[in-house]
Amino acid sequence: MIVVPEGPALLLVTQPDHAHLAGELLSLWRAGGLPEHPRREDLLFAAREHDNGWREADAAPRWDAGRGRPHDFTSLPQAERIEIWERGVCRFAAERPYASLLIARHALNLFQGRRGEEGWGPFLDFLADFERSLLEETGTAREELEADYRWIDLADLISLQACRRTRERIERYGTGIDLSGDTVGLDPFPLAGATSFRRPCRRIPLRDYRGDADLGGELAAARWEERTVRIAPAG
């Protein structure tokens, strides 16, 4: 779950909805040879489903006792995060092995810096073994995987910038990303023209919640709405 304070409310965006935005964005990308890419369909699928492991967790967000608010995707306890990512990298392994390989690469990119920290070693070993197995199954060179993963990483970052409303300018793979209001500016601009996307979200009051039941009641009463995100040339 992405949790963003906004005035007197908390704005909640599910991880799968954020990922869907990443996939929509990448589907309209016209730069860098992506329209002719031989694995384009797998790239779009992986971008859209890279957070699929969060489906179950985000359907019933958990209470963060330390902060009195919902857990977000960075604060959920370690064991639950590992379970989410194990589920996410495996869900499509049989039907979409290359897309699953990209999702596993994404998980390694997120967590490989935690090697050496208590509890992360077995999970990182699992990811490395899973990646090696799918590299062999799909006949993919590691250099090809790394080059393709850059598309997933970039689409994820742009979508996160929009959903988290991060004002800090970010640059990745030669693309500058700036947020102004509800518009994400990209430089250089990779789409055919400025495009608006709609993303689902909910709002709950910004207050201290007393537990999962208190939070769950507020979430049950919260109405789904849509926010418009515009992607346009920077500046």
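Of all residues in region 42-56, none satisfies being touching a residue at least 60 places away in the same chain (Cβ under 8 Å) and of a type in the set (Phe, Trp, Tyr).
Would you mind stating whether SER159 is of a type outside the set (Asp, Glu) and within 30 Å of ALA234 (Cα to Cα)? Step through it out loud before you land on a result.
Values: of a type outside the set (Asp, Glu): yes; within 30 Å of ALA234 (Cα to Cα): yes.
Criteria met by SER159.
Strands (runs of 3 or more DSSP E) wholly in region 136-235 with at least 2 residues that are surrounded by fewer than 12 Cβ atoms within 10 Å (Cβ to Cβ) - which ones? Walk me through it before giving the result.
On the way: elements: 170-172, 175-180, 183-187, 195-205, 224-233.
By residue number, 195-205, 224-233.
Among residues of region 174-199 that are under 15 Å from GLY32 (Cβ atoms), those with a beta-carbon under 9 Å from a residue that is modelled with pLDDT of 95 or more and hydroxyl-bearing (Ser, Thr, Tyr) at least six positions away or on a different chain give the pairs LEU186/THR175; ASP187/THR175; PRO188/THR175; PRO190/THR175. Filtering region 103-135 to residues that are acidic (Asp, Glu) and part of a helix (DSSP H, G or I) leaves ASP125, ASP129, GLU131.
The set of residues from region 121-131 being of a type in the set (D, E, K, R) and surrounded by 13 or more Cβ atoms within 10 Å (Cβ to Cβ) comprises just one member, GLU131.
The values are calculated or read from the model by the stated rules, or taken from the named source; none is laboratory data. Because the structure is predicted, anything quoted here is derived from the model rather than measured. Neighbour counts run over all protein chains shown; Cβ positions are idealised from the backbone, glycine included.
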